[in-house]
Amino acid sequence: MTTLFISDLHLEADRPDIGKQFLQFLETDANEADDLYILGDLFEAWVGDDDPNTHYFTIKRALRKLTDSGIPVYFMHGNRDFMIGSGFANETGVKILKDPYKVTMYGRKTLLSHGDVLCIDDVQYQRVRKMVRDPDWQASMNAKPLKERLRIAQEARRQSLEQTINKSLEIMDVNEDEVKRVIQEHNVDVLLHGHTHRPDVHTVDLGNRKAKRIVLGDWYEQGSVVRWDSRGPKLEAMPR
Ligand code: MN
């Protein structure tokens with residue numbers, strides 16, 4: 001029996017290859033799993049659950065099929081799809097988790113996160129994050145017409161791309177001290193996250209003990225998954 005973890009697919013209509021692999025993944029790997037955790041940035045952008053984009057419709061229908069078959073699917077917000085709400089949850093049967101979320105996997109205490117909260121060196125980003133995660137901000141956003149939300153999202157993506165070019169890679173990675181602090185605060189053996197698009201398994205030395213930090217990769221060129229069964233977690237690339 002296996003639990004699957006994925007993140008950072010960044011699904012969008014303009015990248016049908018990613019969507020195709022994800023739909024296939026839901027039909028095969030996920031269909032044979034115990035449960036599936038999606039740790040954020042499933043979508044490249046999300047302006048509200050009322051977006052009638054047909055690409056989203058196909059994805060939602062496939063998720064519904066999986067949850068209807070009795071396989072639990074959990075979703076955590078990323079920095080791209082933080083506007084996913086209860087409408088999406090109701091349509092798909094997916095359960096939305098708070099970030100971070102603690103689970104015990106075969107006796108190992110594990111903290112799940114999208115990972116952007118760990119990137120505290122990017123002060124500018126953390127400021128934006130705080131604003132857009134505010135329920136009042138989200139409510140006022142949702143009150144705007146869909147057309148305007150789409151325009152705002154497009155502008156936000158353009159700005160984010162511009163800022164990313166001017167930031168060093170270190171600033172956009174996790175802060176090592178913050179990683180240690182979070183692992184100790186939640187008293188876990190494993191921290192599993194995405195967001196940085198740097199798939200790897202790190203050993204974190206806490207002085208008195210060692211923990212693991214597993215980073216999921218993005219799906220731009222290939223899929224990335226952590227398969228966790230009784231033998232432990234395994235980070236794998238899925239070529240397409
Ligand atoms: Mn992200």
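The values are calculated or read from the model by the stated rules, or taken from the named source; none is laboratory data. What you see is a predicted model; the values in this text were computed from it and never measured. No Cβ is skipped: glycine too gets one built from the backbone with ideal geometry, and neighbour counts run over all protein chains shown. Accessible surface areas use protein heavy atoms only, side chains included; no ligands, DNA or RNA. Shrake-Rupley method; radii C 1.70, N 1.55, O 1.52, S 1.80 Å.
Quick rundown of the values:
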{"quantity": "Nitroxide proxy distance, nm - points 7 Å out along Cα→Cβ at residue 163 and residue 133", "calculated": "1.5"}
{"quantity": "Normalised contact order of the chain, rounded percent, pairs of Cα under 8 Å and 6 or more residues apart", "calculated": "23"}
{"quantity": "Efficiency of FRET between residue 60 and residue 14 - r from beta-carbon atoms, R0 30 angstrom, step 0.05", "calculated": "0.95"}
{"quantity": "Residue with peak Gaussian network fluctuation, the chain [Cα springs, cutoff 10 Å], from 16, 145, 100", "calculated": "145"}
{"quantity": "Qualifying chymotrypsin sites (Phe, Trp or Tyr not before Pro) for the stretch 159-240 [loop in DSSP, other Cβ within 10 Å: at most 16]", "calculated": "220"}
{"quantity": "Residue 79 long-range amide H proximity, modeled H, under 5 Å", "calculated": "41"}
{"quantity": "Long-range amide H partners of residue 191 with built H, under 5 Å", "calculated": "111, 212, 213, 214"}
{"quantity": "Within straight-line cross-link reach of residue 95, aspartates and glutamates at Cα separation under 17 Å, skipping those fewer than 8 residues along the same chain", "calculated": "34, 35, 41, 49, 68, 81"}
{"quantity": "Residue 55 - accessible surface, heavy atoms, 1.4 Å probe, Å² rounded to 10", "calculated": "30"}
{"quantity": "Under the Karplus curve 6.51 cos²θ - 1.76 cosθ + 1.60, θ = phi - 60°, whole-Hz ³J(HN,Hα) for the stretch 52-60, x wherever Gly or Pro sits", "calculated": "x, 2, 5, 4, 4, 4, 4, 5, 4"}
{"quantity": "Residue-by-residue Karplus 3J(HN,Hα) for the stretch 125-141, coefficients 6.51, -1.76, 1.60, Hz, glycine and proline x", "calculated": "5, 4, 5, 4, 4, 4, 5, 6, 8, 6, x, 5, 4, 5, 5, 5, 5"}
{"quantity": "The stretch 143-240 - Debye-derived log10 I(q)/I(0), Cα point model, q = 0.11 Å⁻¹", "calculated": "-0.51"}
{"quantity": "Of 102/147; 65/102; 20/98; 65/180; 20/167, those spanning more than 30 Å from alpha-carbon to alpha-carbon", "calculated": "102/147; 65/180; 20/167"}
{"quantity": "J(HN,Hα) series, the stretch 39-47, from Karplus relation 6.51 cos²θ - 1.76 cosθ + 1.60, nearest Hz, glycine and proline x", "calculated": "9, x, 6, 5, 10, 5, 7, 8, 9"}
{"quantity": "Local net charge near residue 138, Cβ-Cβ under 14 Å (Lys/Arg +1, Asp/Glu -1)", "calculated": "0"}
{"quantity": "Antiparallel bridges, percent of DSSP beta bridges restricted to the stretch 4-163 (to nearest 5)", "calculated": "35"}
{"quantity": "Approximate shape of the chain as ellipsoid semi-axes (Cα gyration tensor, √5λ), whole Å, largest first", "calculated": "27, 23, 16"}
{"quantity": "Percentage relative contact order, the stretch 1-131, counting C-alpha pairs under 8 Å, at least six apart", "calculated": "23"}
{"quantity": "Inter-label distance, nm, simple model (7 Å from Cα along the C-beta direction), residue 147/residue 34", "calculated": "5.0"}
{"quantity": "Coil-residue chymotrypsin sites (Phe, Trp or Tyr not before Pro) of the stretch 67-159, DSSP, other Cβ within 10 Å capped at 14", "calculated": "106"}
